[in-house]
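Below is one structure, written out as C-alpha cells; the observations come after it.
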Ligand SMILES: CC(C)(COP(=O)(O)OP(=O)(O)OC[C@H]1O[C@@H](n2cnc3c(N)ncnc32)[C@H](O)[C@@H]1OP(=O)(O)O)[C@@H](O)C(=O)NCCC(=O)NCCS
C-alpha cells in the first residue's frame, strides 16, 4: 500500500461490529506495555474495547504501508500537546497519521508527509449546542450558525465543531489553540473558507479542509497543511476490521476548500 503526495487515505473501523472476545484475543498482543497499562485503566467496557480496536487499527494499517515493520513493532512518541507520531527509527520515510473516535466509529487519516488532523463526532450526542457554540465558536461562526433555519443548525454545529477540531489536531496543539482565534465561513453551498485572527499566526492558503459524511450519524472533518505546492487532489476511503478484512468504500464529500464537488 502506498499513499501518494497528493493523496490522503481515510480508514474507518466500526468497533461495535467487532466482538470483544475476538478483539482481546487478537489485538492485545499487538500493544506495547504502556498501551496495555492504559487499556486496563478504562472503567467502561465499550471504551476499553474502542481503545483496543483503535490501537490495532493504527498498528495494522501502518504495517500495510511498511510491511517490513510488524504491527507490534511500531513505536509511538507524542509532542508536548499529546499528538502521537511514529517513533521508529527507519532508514526510509514513514507516513503521518491522526486518529479520532466517537460512539461507534474510529477514523484514521494517513498522509505521505503533510500534517493531518481528523475529527469524527456522533450527531446524536447529548449536550447543549448553544452553550458549546457560545464557549468555543468565534462570533462570526455563532452569528452564521444561529441565523440558519433551526432545522439546519444541528448539522452546521457539527460541521463547525469537527472542522475546528481537525484544524487544532493537524497543528498538533489541541486546545492550546483558542478556538475563537480562527473562523470558518461555510456560506457557499460547497466551499470551506477559513480566516485567522492576528493572534493566530497562520495562512489560509496553506490549508485544505473537507467535511465528509461516513453515514448520516457520523460527520467527519479533515484538515491538511500543505508545505509544498500542489496539495491534495484525491482522498481514498477504506473500511477495515483489523487483521481481518479491508475494502475500499465511498464516502460523501459535503464541502471542501475551493468548493465544487
Ligand atoms: C485531545 C484533542 C486533540 C481531541 O480530543 P477529542 O476530539 O475529544 O478526541 P478525538 O477522538 O477526536 O481524538 C483523540 C485522538 O487524538 C490524538 N491526539 C491527542 N492529542 C492530540 C493533539 N494535540 N493533536 C492531534 N491529535 C491528538 C490521539 O491519538 C487521541 O486518541 P488516543 O488517545 O486514542 O490515541 C483536543 O482537541 C481536545 O481535548 N478537544 C476537546 C473537545 C472539545 O471540547 N472541543 C470543543 C468543541 S468545538
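Derivation of every value follows stated rules applied to the coordinates shown; laboratory data play no part. Here the structure is a predicted model, which means the values were calculated and not measured. Here the Cβ is made from the backbone with ideal geometry for all residues, glycine too, and neighbour counts use every protein chain on show.
Within segment 160-180, which residues are near the ligand (Cβ under 8 Å from one of its atoms) and part of a helix (DSSP H, G or I)?
Within segment 160-180, 160, 161, 164, 165, 168, 169, 170, 171, 174, 175, 176, 179 meet the criteria.
On the given criteria, is residue 56 surrounded by 21 or more Cβ atoms within 10 Å (Cβ to Cβ) and either within 16 Å of the ligand (Cβ to nearest atom) or at negative phi (or both)?
The answer is yes for residue 56.
Filter segment 76-95 for residues that are within 11 Å of the ligand (Cβ to nearest atom) and free of Cβ contacts under 8 Å to residues at least 60 places away in the same chain; which is farthest from residue 1 (Cα to Cα)?
That would be 80.
Which of the numbered conditions does residue 10 fail, given that it passes all the others? Conditions: (1) more than 24 Å from residue 111 (Cα to Cα); (2) surrounded by 14 or more Cβ atoms within 10 Å (Cβ to Cβ).
Residue 10 satisfies all of (1) more than 24 Å from residue 111 (Cα to Cα); (2) surrounded by 14 or more Cβ atoms within 10 Å (Cβ to Cβ) except (1).
Being surrounded by 20 or more Cβ atoms within 10 Å (Cβ to Cβ) and either in contact (Cβ under 8 Å) with a residue 40 or more places away in the chain or within 14 Å of residue 241 (Cβ to Cβ) (or both) is the filter here, so list the residues in segment 63-75 that pass it.
71
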